[in-house]
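> For reference, the structure I am asking about is given below.
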Amino acid sequence: MTLLSFVDVPQQRPYRRLARERRHDFREIYDEFIPDSAVTQASRCSQCGVPFCQIHCPLSNNIPDWLSLTAEGRLEEAYAIASATNTFPEICGRICPHDRLCEGNCVIEKGFESVTIGTIERFITEKAFDNGWVRGPEPACERSQSVGIVGAGPAGLAAADRLRRHGYRVEIYDRHDRAGGLLVYGIPDFKLEKHVVSRRVDLLLEGGVVFHQGTDIGRDLTFADLRTRHDAVLLATGVYKARDIQAPGVGLDGIVPALDYLIASNRRGLGIDVAGPDAAGHRVVVVGGGDTAMDCVRTAVRQGARAVTCLYRRDRDNMPGSQREVSYAIEEGVIFEFLSAPQAFAGDDRVASVKASRMRLGNADSDGRRQPLPVEGTGFGVEATLVLKALGFDPEPVAEMFALDDLETEADGTVKTAGLTGRTSVPGVWAAGDIARGASLVVWAIRDARQAADSIHQDLSGP
Ligand SMILES: Cc1cc2nc3c(=O)[nH]c(=O)nc-3n(C[C@H](O)[C@H](O)[C@H](O)COP(=O)(O)OP(=O)(O)OC[C@H]3O[C@@H](n4cnc5c(N)ncnc54)[C@H](O)[C@@H]3O)c2cc1C
Ligand code: SF4
């Protein structure tokens, strides 16, 4: 297949299930590309001189090369290139906000619509799984040193993969009953089905990585114990302190943190019988506009909520999450009240309504984001029997949690690291993922973890 076909071939994604069908189940919403379509779509790449897609991919994936190989039908080589820079290409292919990263910076985007990079990355890797080309770590030599990793989210798993390939003994400790972090207990199946994560965990297990699930470091085992067990320790614990709303009535029953709600839903999806909030039959209001809020509104629809409304204090253009996710939520029947924020919650014991007011965007703050300001006299009410608070997350007090007095943190509570190495102020301790970067994206967690793993390797293998 020749390249540069974008002039004649329009952008096409795999079949997206109809909203009326997907409202009733948690399956992923896109089918796989059929091979001919993947080849044709890859051939749309213009092989431009300066690949902005690669520059805007946090992993600097060599996108033009794998697209060119896919267009030629050379999928095994395409996979070799895709997996050289990305530990979990099939996961990023599904859940990266492509519209803000690689695809949003494709030069043919202007006028012709971008190459469907994420979907092709997923396609190549699924074909690699089908054909047995995906291999877990098979170290060429075994080293005597060991590395302990706290947290089995994408950062912990990506670091484990890389360190095990270098030949280290690797042990991961995680407080949950299964590995995956937010990939399993945050992100719902309609974005990322759980078997996609568990087959990666299986490869790590086969490759010799030891998992200690259900082990809370700081409670079941001290951090000091961990340091005596291992030559290096990587902190990959994510950020879990949910930001709260300051408004009268916020303590009423039926107002719950978003992650409690999503964890309960994900556990039920895994067949675990749990009590916990469920949206069936409720009028649901979700407060927030990021990935977590979008996952809540779309989960509530699937659980059979009577109505789902999202209150977001900025406008649609200024939402932090993927615009594509917002449009899927709208297709699925979610009502968006942009430029709106809750001022109070009313009800007897349980919440019955949210009193909100309209907002306008004022001047930009030091982050460059325009600040939302309430508009006087614009109060309105929304009926609500379940309110989900999705305002973002901050780090738990990590130095305190692990009794690590020398661990330096930034003003926002994230762990301070030396440049790209992930090295912390405590000798022998590294950090990667959300705990070092702040609440972010899976692709950044993978990037940081790979770099921290290389820095650990450099240290342990040095003279
Ligand atoms: C609802 C939701 C939806 C999201 N959607 C997307 C998306 O679509 N695309 C995207 O790119 N990103 C998304 N993100 C962000 C993404 O999930 C995170 O950036 C990413 O998971 C961070 O990886 P991590 O490994 O640093 O942390 P986590 O995934 O949070 O993993 C940390 C692990 O550490 C464990 N842990 C913590 N403390 C301890 C302790 N003391 N002892 C033992 N174990 C411990 C936790 O149990 C957890 O398993 C979403 C986040 C949320 C909350
Ligand atoms: S990792 Fe994410 S940003 Fe990079 S090419 Fe894949 S989908 Fe795009």
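Each value in this text was obtained by applying a stated rule to the coordinates, not by laboratory testing. In this text the structure is predicted, and so the values were computed from the model without any measurement. Cβ: placed from backbone, ideal geometry, glycine included. Neighbour counts: every protein chain shown.
> Sort Ile63, Ile272 so that the residue with the fewest other Cβ atoms within 10 Å of its own Cβ comes first and the one with the most comes last.
Ascending number of Cβ neighbours within 10 Å: Ile272, Ile63.
> Let me ask something additional. Please give me, ordered by residue number, the chymotrypsin sites (Phe, Trp or Tyr not before Pro) of the range 48-117 that lie in loop per DSSP and have at most 15 other Cβ atoms within 10 Å.
Loop-located and lightly packed - none at all.
> Loop-only check: which GluC sites (Glu not before Pro) in the range 344-441 are DSSP coil with at most 10 other Cβ within 10 angstrom?
In loop regions of the range 344-441 (DSSP not H, G, I, E or B), the sparsely surrounded GluC sites (Glu not before Pro) are Glu376.
> May I ask you to compute the full-extension gain from Asp31 to Gln11, defined as 0.36 nm times their residue separation minus their alpha-carbon distance, rounded to one decimal in nm?
On the way: separation 20, 0.36 × 20 = 7.20 nm, distance 1.60 nm.
Additional length available on full extension: 5.6 nm.
> A follow-up question, please. Over the chain, calculate the relative contact order: mean separation of alpha carbon pairs under 8 Å at least 6 apart, over the residue count, as a percent.
15
> Students often forget the sequence filter, so: which lysines lie under 26 Å Cα-Cα from Lys127 once same-chain residues fewer than 8 apart are removed?
Hits, sequence-local ones excluded: Lys191, Lys194.
> R0 = 41 Å: FRET efficiency of Ala247 with His195, Cβ-based, nearest 0.05? Can you show the working numbers first?
Numbers: r = 40 Å, r/R0 = 0.99.
That pair, Ala247 with His195, gives E of 0.50.
> Enumerate the residues in the range 148-166 having an amide nitrogen under 12 Å from the point lying 7 Å beyond the Cα of Asp225 toward its Cβ.
None, by backbone N distance to the label point.
> Order of Tyr240, Tyr173 from fewest to most other C-beta atoms within 10 Å?
Ascending number of Cβ neighbours within 10 Å: Tyr240, Tyr173.
> Something else about it: Starting from the range 358-427, pick out the chymotrypsin sites (Phe, Trp or Tyr not before Pro) whose DSSP state is loop and whose Cβ has at most 13 other Cβ atoms within 10 Å.
Passing sites in the range 358-427 do not exist.
> What percent do you get for the relative contact order of the range 317-463 when only Cα pairs under 8 Å and 6+ apart count?
Relative contact order, the range 317-463: 12 percent.
> I would also like to ask the following. Between Glu376 and Arg143, what length in nm is gained on full extension when 0.36 nm per residue of separation is reduced by their alpha carbon distance? Present the calculation step by step, with values, prior to reporting the outcome.
Numbers: separation 233, 0.36 × 233 = 83.88 nm, distance 6.63 nm.
Stretched fully, the Glu376-Arg143 segment lengthens by 77.3 nm.
> Let me ask you something else. Under the Karplus relation 6.51 cos²θ - 1.76 cosθ + 1.60, θ = phi - 60°, what is the ordered set of whole-Hz ³J(HN,Hα) values for the range 417-429, x standing for Gly and Pro?
My calculation for the range 417-429 gives 10, 7, x, 8, 7, x, 6, 9, 6, 9, x, x, 10 Hz in order.
> A further question on this structure: Taking every DSSP beta bridge with both residues inside the range 242-392, roughly what % is antiparallel (nearest 5)?
So the antiparallel bridges in the range 242-392 amount to around 50 percent.
> Give the relative contact order (percent, whole number) for the range 242-392; include only Cα pairs under 8 Å separated by 6+ residues. Don't skip to the end; give the middle numbers.
Values: 336 pairs, mean separation 47.5, N = 151.
Relative contact order for the range 242-392 comes out at 31 percent.
> Please give the FRET efficiency for Arg360 paired with Ala411, using the beta carbon to beta carbon distance and R0 = 35 Å, rounded to the nearest 0.05.
Values: r = 29 Å, r/R0 = 0.82.
Given R0 = 35 Å and the Cβ-Cβ separation, E is 0.75.
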